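What follows is a short report on a single structure.
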Amino acid sequence: MTAGAVRTVAITGARGSLAGVPAVLVRLVARSSMMSGHLKLYACGAAVPEASALNYVPDRVNATVLPVPTGPAGVCVAASSSVDVRIEVLAYASSTGVGLQPMDSNRALDTRLATPLAAGAPITLPTTRLGVPASATAVTVSVTLLTPTAPGSISVGPCGGTPWTLAYGSAPSQMIGGVVRVNGAGLCLSSTTTVHVVVDVTGVWVGAQPLVALPAMRLFDSRLSEAISSTDRRVPLTLPAGTTRAQLSIVVIGSPSSGAVYAWNCNRPRPVASVASSIGPPTSVTVTMDVTGGAICLASSRNVQVVIDVFAVG
C-alpha cells in the first residue's frame, strides 16, 4: 500500500463469504516499510477513526490481533506510509461463540532468568503456567523479543497445532500483542535464531461472555497532560454504561533506555508482570482489561508517553 491509500477488504472465511457478520477478529501484519507509520482499520462506509490499529517501524516485527466491525463492503484499511499489509480473519462475532475474560497480567515466561530461547529448540508453556484453565481455546498475550542474535522468525501457537509465524528484525526490543490459540497442552514457541523471550498473559478465551466490537476510539493520551512515571496513575475511561471488560490497544512512546509499562484495574494491587516494553520507537500491544469502576491504573519504570484506544467491550 502507498502512503495515504485506503484498501477495501472483502470479508471471507474458510466457508466463503461472511457478509452480514457484525464484526470479525483479524490478524494484522505490516511488513517491508521504509519508514515508521500506522494502519487504521474500520468498517467500510464508516468514518475513519482517530485511533490507529497498528503502529509499525522498520526492522521490527509489526503485528497485532484485534476485533473490527464490518460494513456491507467489508473492512477498510488505511496506511500512513508505504507498507505491505496482510490481513487474516481468525473468528467472527456469533451469539454462540466463546467469550473473553480479563485476568491480572501473568508472566508465563522470561528467558532472561535463565538462558535464551535457542534456535530451533521449541518451548512448551502448559496451561497452568499460562494461568488459564485447560478448557481455554485462546489467550490474549504480549510476546516481547529481546536482543536477537540475528533477524529471524518466531512461531507461537497451540502445541501440536498450526502456529502463528512472524518475521522479526535485529532491533534489541520488539513486541507482538494479540490473540493466540492454545489447547490442553498449552502454548508452544520456537525461533529460527537465538533470542530472549518474555510472555505475558492478560486474557483467556473461555466461557460464553462475548465482547462487542466498537469503532476504534481513543480513550487516553498522556501527551495532552504529563508522562506516565513510576508513580501509579489512575486513568478514567469513557466507555458504554455497564462495561466491565475491554480489549484495549496500549501504545507506548518509549524512552532511550529499557523499561516496563504496567496496566491494571485500580481496585487491585499492581501486578508483577508488565504489559509493554518502553524502549525505542512507538510500540502497540493488545491487552484484555478488567475496567470495572470505569478506570485503569498505569505506571512505568521509565518516564514514557502512553496512548490507550478501545476496540471492544463487554
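Where a number appears in this text, it was derived from the coordinates with a stated rule and is not lab data. Being a predicted model, the structure only gives us computed values, none of them experimental. All Cβ positions, glycine included, derive from the backbone under ideal geometry; neighbour counts span all protein chains shown.
The rows are residues; the columns are (1) more than 26 Å from ALA241 (Cα to Cα); (2) over 18 Å from the mean Cα position of the chain (by Cα).
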position	(1), (2)
PRO269	no, yes
PRO281	yes, no
CYS297	no, yes
VAL307	no, no
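The strands (runs of 3 or more DSSP E) found entirely in the range 249-314 that carry 1 or more residues being hydroxyl-bearing (Ser, Thr, Tyr) and surrounded by 24 or more Cβ atoms within 10 Å (Cβ to Cβ) are 283-290, 295-300. Among the residues of the range 107-117, count how many are assigned to a strand (DSSP E or B) and buried (at least 18 other Cβ atoms within 10 Å of the Cβ). Residues in the range 107-117 being assigned to a strand (DSSP E or B) and buried (at least 18 other Cβ atoms within 10 Å of the Cβ): 3 in total. One residue stands out among those in the range 118-139 that are under 20 Å from THR192 (Cβ atoms) and of a type in the set (A, V, I, L, M, F, W, C): the one that is surrounded by the fewest Cβ atoms within 10 Å (Cβ to Cβ), which is ALA121.
When the range 234-248 is examined, which residues are found to be part of a strand (DSSP E or B), of a type in the set (S, T, N, Q) and more than 21 Å from ARG107 (Cβ to Cβ)?
Selection gives nothing.
Out of all the residues in the range 169-196, which are within 16 Å of the chain's Cα centre (by Cα) and in contact (Cβ under 8 Å) with a residue 60 or more places away in the chain? Of everything in the range 169-196, those that are within 16 Å of the chain's Cα centre (by Cα) and in contact (Cβ under 8 Å) with a residue 60 or more places away in the chain turn out to be SER173, GLN174, MET175, ILE176, GLY177, GLY178, VAL179, VAL180.
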